[in-house]
Amino acid sequence: MNLSGIISISGKPGLFKVVAQGKNNIIVESLIDKKRTPAYSTDRISSLEDISIYTTDEDAPLKNILEAIFEKENGKNCPSHKEDLKTLTNYLKGILPNYDEERVYPSDIKKIFQWYNLLLSSGNLIPSVEEEEEKNSETTPNDEDKKEAKKKVSTEKKTVVKAPSKSSKSATSDASKISKSSAPKKTATTKTGSSRGK
């Protein structure tokens, strides 16, 4: 999944995607209604790529949490952010057992689930082609067993089996970024659980 260019703007509902850059602002498109509006350097903007969740160890990137939910739900919706807080808390503990309960507020937990469903419905959580190819290129023990079995059979029949050539793959992609001149400097406030009052 690619979260580059996806941002949240303090005081505005939902999430936005950066679509263009003006002289003193950036043009963003709402993932909710697709309406485009300008965002200025005075707005409190947080890039989802830079947001992390407080844990008792090292902070966990939001992207990792979203990927864990995606896999658990098999690419479908997760519980709504309007669900009972206890339900959401237990769910989060299931995928991130060591999250810091003191520094991650209930509003932050709800935001994770709200953002996940919004990103999913807008098609931003679909794994990229590069990610799919990377997963498919990984060899599992079962594949190794099958290869060994084929080698044994071919040896018994005295036939030569040529191994398929491995093609190199490139999984690099250019990501759109918010210009420093139009977006505010990123601070510790981009971490979920510490954004209020700091």
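The set of residues in the stretch 77-131 that are assigned to a helix (DSSP H, G or I) and of a type in the set (Phe, Trp, Tyr) comprises Tyr91, Phe113, Trp115, Tyr116. The numbered conditions (1) more than 19 Å from Gly14 (Cβ to Cβ); (2) exposed (fewer than 13 other Cβ atoms within 10 Å of the Cβ) are all true for Leu96 except (2).
In the set (1) under 20 Å from the mean Cα position of the chain (by Cα); (2) crowded, with 19+ Cβ neighbours inside 10 Å; (3) among the small types (Gly, Ala, Ser), Gly75 fails one condition alone, (2).
Of Leu88, Leu62, which residue is within 21 Å of Ile126 (Cβ to Cβ) and in contact with a Phe, Trp or Tyr (Cβ under 9 Å, 6 or more places away or on another chain)? Of the residues listed, the single one that is within 21 Å of Ile126 (Cβ to Cβ) and in contact with a Phe, Trp or Tyr (Cβ under 9 Å, 6 or more places away or on another chain) is Leu62.
The set of residues from the stretch 59-84 being closer than 15 Å to Asn2 by Cα and polar (S, T, N, Q) comprises just one member, Asn64. Pull up the stretch 54-72, narrow it to residues that are of a type in the set (Asp, Glu) and surrounded by 14 or more Cβ atoms within 10 Å (Cβ to Cβ), then point me to the one that is farthest from the chain's Cα centre (by Cα). Top of the filtered list is Asp59. Of the residues making up the stretch 26-46, those that are buried (at least 17 other Cβ atoms within 10 Å of the Cβ) and either outside any strand (DSSP E or B) or touching a helix residue (DSSP H, G or I) at 6+ places or on another chain (Cβ under 7 Å) (or both) are Leu31, Asp43, Ser46.
Laboratory data are not the source of any read-out in this text; all were calculated from the coordinates shown. Note that this is a predicted model, so its numbers are computed, not measured. Counting neighbours? That spans all protein chains shown, and the Cβs are built from the backbone with ideal geometry, glycine included.
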